[in-house]
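Everything below concerns the one structure shown next.
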Amino acid sequence: MSETSARLLSLLSLLQARRDWPGALLAERLEVSPRTVRRDVDRLRDLGYPVRASKGPDGGYRLDAGADLPPLLFDDDQAIAVAVALQTATTTVTGIEEGALRALATVRQVMPARLRQRVDALQVTTVDKYADRRRTAVDSDQLIAVGMAVRAHEVLRFDYASPGASDEFVPPRKVEPHHLVTWGGRWYMVGWDLDRKDWRTFRVDRMTPKTPTGPRFTPRDLPAPDIATYISGKFKGRGQLPCTGEAILQAKASDIVQWAGGGAIVEEVTASSCRLTLSSWSWTGLAATFGMFECDLEFVGPAELIDAAHHLAARYTAAAS
């Protein structure tokens, strides 16, 4: 009986993990015969789980969603993963602290004693260490608004707070949102910018979505096999960081390369000067990094870096006076 119950839990976990399962693949994963899978599916139906079967040589099973679906069951690894995820959920999304704590209490309450002890032993504390400062919190309502537009394939209009932007009125951006992703502790939306006729990546914490959303659209094909490849290529191609700039330093390339750090590109211009390319998580941080070298320098660009340098110079002047 215990072996059958454990197998039913494994079967239910598999059915929850993906939409459709071929019967032969389920039998292989559970290491049983197709006939045993059919019997176990009947047992799940008797328990109230709506498992739909499709016939034919490629027949399989699907767990339908519905109001009468009994409470979801987790295996050991899933329960631990959910508990840890709920404890760390507030590091990048604001406004969900109370909900995450209530959800964790609910999950813990229905766990068997042995799992509850393991979860209680995994008390995770998030400390704002220097290495973690690159994480940027996003308002939950903001995140949901963007996510709903992505799912509904509706044009999203939003104000965008670009670094170094002037106080002049800037019309809202109009974008076909395609994916919501995280990279390096930040949330990004990838979409097709209708005004610029090109793919763009926007930080969600800088977006202020407007309502109502625009018309529905047919999703375009990404210029990459998948979103993970697109994002990795986009950021890795810029030193894995979203802000990249160049400056000419009045110092020997051999001297600068010793202190430039990983990811930097040092190119000799003359015997006593070099071109340095660096990346950072912000334009102000990038401008400050260039200023760490004890030599004269000239910023090449882009414009965001030059604007950040002016802003930083004004701050330092005010602080010194």
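The values are calculated or read from the model by the stated rules, or taken from the named source; none is laboratory data. Quick caveat, the model's predicted, so the values are computed rather than measured. As a convention, Cβ positions derive from the backbone with ideal geometry for all residues, glycine included, and neighbour counts pool all protein chains shown. Please note that ligands, DNA and RNA were not included when accessible areas were found on the heavy atoms of the full protein model with its side chains. Shrake-Rupley method; radii C 1.70, N 1.55, O 1.52, S 1.80 Å.
If you check 15, 11, 25, which single one turns out to be touching a Phe, Trp or Tyr at 6+ places or on another chain (Cβ under 7 Å), touching a residue at least 24 places away in the same chain (Cβ under 8 Å) and hydrophobic (A, V, I, L, M, F, W, C)?
Exactly one residue qualifies, and that residue is 15.
When the residues of the range 191-211 are narrowed to those that are of a type in the set (Val, Ile, Thr) and part of a strand (DSSP E or B), which ends up surrounded by the fewest Cβ atoms within 10 Å (Cβ to Cβ)? Reasoning before the result, please.
Residues of the range 191-211 that are of a type in the set (Val, Ile, Thr), as a first pass: 201, 204, 208, 211.
Next cut, part of a strand (DSSP E or B) only: 201, 208.
Numbers: 201: 16, 208: 13.
The residue in question is 208.
If you take just the helices (runs of 4 or more DSSP H) that sit entirely in the range 212-321, which of them hold at least 3 residues that are modelled with pLDDT under 80?
Once the helices (runs of 4 or more DSSP H) in the range 212-321 are filtered for at least 3 residues that are modelled with pLDDT under 80, what remains is 227-236.
Tally up the residues in the range 7-38 that are open to solvent by 30 Å² or more (accessible area, probe 1.4 Å), closer than 17 Å to residue 49 by Cα, of a type outside the set (Ser, Thr, Tyr) and under 34 Å from the mean Cα position of the chain (by Cα), please.
Counting residues in the range 7-38 that are open to solvent by 30 Å² or more (accessible area, probe 1.4 Å), closer than 17 Å to residue 49 by Cα, of a type outside the set (Ser, Thr, Tyr) and under 34 Å from the mean Cα position of the chain (by Cα) gives 7.
Between a residue in the range 167-179 that is closer than 30 Å to residue 229 by Cα and of a type in the set (D, E, K, R) and any residue that is modelled with pLDDT under 90 and open to solvent by 20 Å² or more (accessible area, probe 1.4 Å), which pairs come within a Cβ distance under 6 Å, given they are 6 or more apart or on different chains?
173/160
Just checking, how many residues over the range 39-50 are of a type in the set (A, V, I, L, M) and open to solvent by less than 10 Å² (accessible area, probe 1.4 Å)?
Number of matching residues: 2.
Can you go through 224, 264, 287, 260 and tell me which one is touching a Phe, Trp or Tyr at 6+ places or on another chain (Cβ under 7 Å) and open to solvent by less than 40 Å² (accessible area, probe 1.4 Å)? Can you show your working first?
Numbers: 264 fails: touching a Phe, Trp or Tyr at 6+ places or on another chain (Cβ under 7 Å); 287 fails: touching a Phe, Trp or Tyr at 6+ places or on another chain (Cβ under 7 Å); 260 fails: touching a Phe, Trp or Tyr at 6+ places or on another chain (Cβ under 7 Å).
The unique qualifying residue is 224.
Name, by its number, the condition in (1) under 30 Å from residue 220 (Cβ atoms); (2) surrounded by 11 or more Cβ atoms within 10 Å (Cβ to Cβ); (3) at pLDDT below 90 that does not hold for residue 96.
The single condition residue 96 does not satisfy is (1).
Within the bounds of the range 138-155, is there any residue that is under 25 Å from residue 284 (Cα atoms), open to solvent by 70 Å² or more (accessible area, probe 1.4 Å) and at pLDDT below 75?
Checked against the condition, which is being under 25 Å from residue 284 (Cα atoms), open to solvent by 70 Å² or more (accessible area, probe 1.4 Å) and at pLDDT below 75, the range 138-155 yields no hits at all.
From the list 282, 232, which residue is closer than 26 Å to residue 178 by Cα and touching a Cys at 6+ places or on another chain (Cβ under 7 Å)?
One residue alone meets the criteria, 282.
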